[in-house]
Amino acid sequence: MPSLVAFNRQWNIGSDDFVFPEITEALVRLSWVAFGVSVFVFHFPLACSTHNLTLQLLGLLVINVITILLAILTAVISARGTIMNSQPRKLIPRLLYIRLPIFIAEIALTILATIHAFKSTNGGEGCDFATIARVTIILEWFLIFTAFAGLVIVFHLTENELEDSASIAQKSWSRRMRIFKIGQDHSMRVALDDLAILISSFFVDSDLVPSDVVAGLLLAYHSPNNQYPPVKDKEHESVPKWMNLKDAEYFLHHATCVYGWPTYILYNCGLKSIYRLFRKLQCCGRMRCAQSPCVVQQQRRERIELTELSNGKLVKKGKSMVVEDNCCYCNTAAVVLANEARNIDLQFMSFRNRVYEVPFAVIADHDKKSIVITIRGSCSLIDLVTDLSLEDELMTVDVDQDATLREDEEIDKRGDVRVHRGMLRSARYVFDTLNKNKILNDLFISNPSYQLVVCGHSLGAGVGSLLTMLLKQEYPSVICYAFAPPGCVISEFGQDEMEKYVMSVVSGDDIVSRMSFQSLHRLRERVFQELLACQRAKYEILIRGVYQLFFKYPWGDELSGVPRISASPDSPTTPDIESALLTRRNSYGASDPTSEASPTPPQRNPNHNKRLQLYVPGRVIYLSADQDTGATVETWIDPKCLSDVKLSVSVLSDHLPAAVQKFLNSAAITFEQREEIVSSQPV
C-alpha cells in the first residue's frame, strides 16, 4: 500500500509484494542456469553438427544471469520500509522498466532457439546436444509462461486516472464481473451489477491490494486487544417445547440431504456408497435431453418412480415430482439413499438454481409426523450472489412490499421491518411454487394431523426463516429450524414475531452468522487501524502471521503494532461496557481510542453506520466448546452478540454442516447426561 504505479497504470500489487515472487524466480532461474551449464559441460556443443544453437543458448544463459541479479535486487528493495511507507521502495518501478526490454529480448531469443532446435538433428552418433537443448528451451518457455501468468494476475483494468475514488472502484469491479455475466440472463446480470456496487463500497478512499488485506487480517487476528461482543444469556419468558437440540439434530439431516450427490459422496466415502448411488441412477431417464420443444423449457418437471429395498425386495414408494435434476437424477438418488433408514415420502424436489430461485424439497416424515420443507444452502456462484447481497439500501426491502407480509399485522408492530431482499425473493419463489403445485394442500389432505416444519442450512436457513413468515398466515403452527443462518436476515423490530416460529443454531466462530454489511465494514476499519500502526515489513507479517496460526511463536515481541490496552484484572467489564460492545456502531478492539500514540484513522465510509442493522433470525442458541473441558455448551443469546466477525482458524469450518452436526450431537449427549443425573437424585 499504495498499489504499484508503473507504465501509467495501477496494478493489483504493491511495491512490497516482490519479495517472495522474486526470490522464487531467482531460485527457478538459477536451476535453469545450472541445467544449461551442465549441457555445455557434459555435451560440448562444438563437437556436434548442431553447434549453431550455441550462441542462442549462451545468450539465454547471460539473460537469465542478469535477470537473477535484478530479481535479487528487486527482492531486497521490496523488503524495505513498512506497508504504509513506500518511500524506501521508490526504485521498484525503475527496475521493472529495466527488466522489460530484457524480457522482450529473452522471448525473441527463445523463439529463435526454438526454431533452430526443432529443425536440427542430433548431429551424429554420441551427440545428444540437440535433444537436451530442446528440453532446455521447453524449460525456458515454462519460465516465460509463468511470468505471463503472474502479469495477468496482477494486471489492473483501470488506468491511473484522476477520477473519483468511488467511480474507479465501481468501474473496476464491474469489469471484473464481466466474465461471470457470460451466458447469464438479465436478472443475473443485474444482480452482478448490484454486487459490484456493494464490493466497491469497501474499497472507496482506500488503496489496498489483496496482500494488504491478508496482512491486515493476520494483524487483526493476532492483535492482543481483540474485543468482541460478550456472549450473554437472553432471558426468554418460556422456550417452546419444540425448540430443543434433539429435534434440531434430527432435522439437520433433512437440511443436509438436499445438497444432493456431492454431499452424499462427501459424507459416505467408500466404493460401496458410490456403487449404491450408481445403482439408484436413472441414466438418461426418459431421454430428457431429447424431449421435443413442446415440453416446458423453463421448468422441466418429471414424475419418477421411487423405490427402496425392504427385506431384500424392491418396494415401490410412489412417484415424486422432480424439477430440473440432471439427466441421471443424481441428486434425487442421493436424497433417497440418505433417507433409507427413515420412514419418509418424497413429494416434491426442485433443483432449479437461478438468481433468487433456490433448490428445495418437500418431504412427508412419518417418523416425526411432519411435513418438512428443506431448502438448500449455498452451493454455486448463483447462491453466492444471493448471499453477498448485504447492502442495506440496495439489498433490503420493507416487508410491506410483499403482498403476503403486508397483511401480517404482528410482524411490524414495533416499527418498520426490513429483510434481506435476495432471501425474501427466494422465499417468495418457494412459496409461489408450493402454491402453484398445491403441494402442501395435497400432503395435508392425506396427513391432516402432521406438523409443518421448515429447515435449512446457511442460505437455506435465511430463506427458510422468511418462508416461515409467509406460511404462517395459512399455517399458524409452522415452525423453522435455521442452521448456521446468515447474520443479515431481518431487522431488530421484526425479531419479536420471528422468535415465535424460528430457532436458529449457531456454532463456534461461524463467520456467516456474523456477516453483515456493518460487521464487514467494522472489520475493514480494524484492518486499517492495524496497517496504520504496524511498523513491520509485509513479508515479515505474512511469514510470522501464518506461522503463528499453527505454532506457538518463539518471538518475544508481539506481531501487532497497536499498543496493548491496559486493563486491571480486578476491574471486570461493567454492564455499561458490555452494552456498548453490543450496540456500538464503530470499529473497536484494535486500539485505545484515548491513546495519542495510535491515532484512529477517519471512517472511510461513515454513512454505513446509518444503515439499518440486520440480524440472525428468531431465537438463537449458541453452541461452543468449553475451553477447559472441551464439552459443548449451549446458550440462548441475543442476536446482537453476533454483530462482529470473530477471527479464528475455524471461521469457515464451523459453518459446515458437519461441524454443526458435531456440536449438536455433543450438546445433546451432554443434555441427556444432565437429565439422567437430575432424575437419579432423590427428591
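Throughout, read-outs are computed from the coordinates displayed, never taken from laboratory work. Here the structure is a predicted model, which is why all the values come from computation and not from measurement. Counting neighbours? That spans all protein chains shown, and the Cβs are built from the backbone with ideal geometry, glycine included.
Things worth noting here:
- Extension gain for Glu540 to Arg134 (0.36 nm times residue separation, less C-alpha to C-alpha distance): 142.2 nm.
- Remark on the stretch 440-491: ratio of C-alpha radius of gyration to 2.2 N^0.38 Å is 1.23.
- Taking all pairs of distinct alpha-carbon atoms in the stretch 3-154, Kirkwood radius in angstrom: 16.8
- Phi-based couplings in Hz for the stretch 81-87 (Karplus 6.51, -1.76, 1.60; Gly and Pro marked x): x, 10, 4, 7, 10, 9, 4
- Extension gain, Ser446 to Ile265, is 61.8 nm, computed as 0.36 nm per intervening residue step minus the present C-alpha separation.
- For the stretch 222-227, Karplus couplings with θ = phi - 60° (6.51, -1.76, 1.60), whole Hz, Gly/Pro x: 8, 5, x, 10, 4, 10
- At R0 = 25 Å, FRET efficiency that the Cβ-Cβ distance of Val76 and Asp207 yields, to 0.05: 0.55
- Treating r as the C-beta distance of Val633 and Phe551 and R0 as 35 Å, the FRET efficiency rounds to 0.80.
- In this label model, Phe42 and Phe118 are separated by 2.5 nm, measuring between points 7 Å along each Cα→Cβ vector.
- R0 of 35 Å, Cβ-Cβ distance Leu612-Asn244: FRET efficiency to nearest 0.05: 0.60
- Amide H contacts of Arg342 (H built 1.01 Å from N, under 5 Å, at least 5 apart or other chain): none
- For the stretch 411-547, radius of gyration divided by Kirkwood radius, i.e. Rg to Rh on alpha-carbons: 1.17
- Amide H within-cut-off set for Ser504, under 5 Å, with H built and near neighbours excluded: Ala482, Arg619, Val620, Ile621
- In order along the stretch 17-33, phi translates into HN-Hα couplings of 9, 9, 5, 5, x, 6, 5, 5, 4, 4, 5, 5, 5, 5, 5, 5, 4 Hz, rounded to whole numbers, per the Karplus curve 6.51 cos²θ - 1.76 cosθ + 1.60 with θ = phi - 60° and x for Gly and Pro.
- Amide H contacts of Leu4: Trp11, Ile13, Gly14, Ser15, each under 5 Å away and 5 or more positions distant or on a separate chain (H built 1.01 Å from N in the peptide plane; Pro and chain starts excluded).
- Potential extension, Lys500-Gln227 segment - 0.36 nm per residue separation minus Cα distance: 95.1 nm
- For the stretch 3-154, with +1 on Lys and Arg beta carbons and -1 on Asp and Glu, the positive-most of Ile107, Ile144, Tyr97 along the dipole: Tyr97
- Computed from point charges on the beta carbon alone (+1 for Lys and Arg, -1 for Asp and Glu), the dipole magnitude for the stretch 3-154 about its Cα centre is near 460 Debye.
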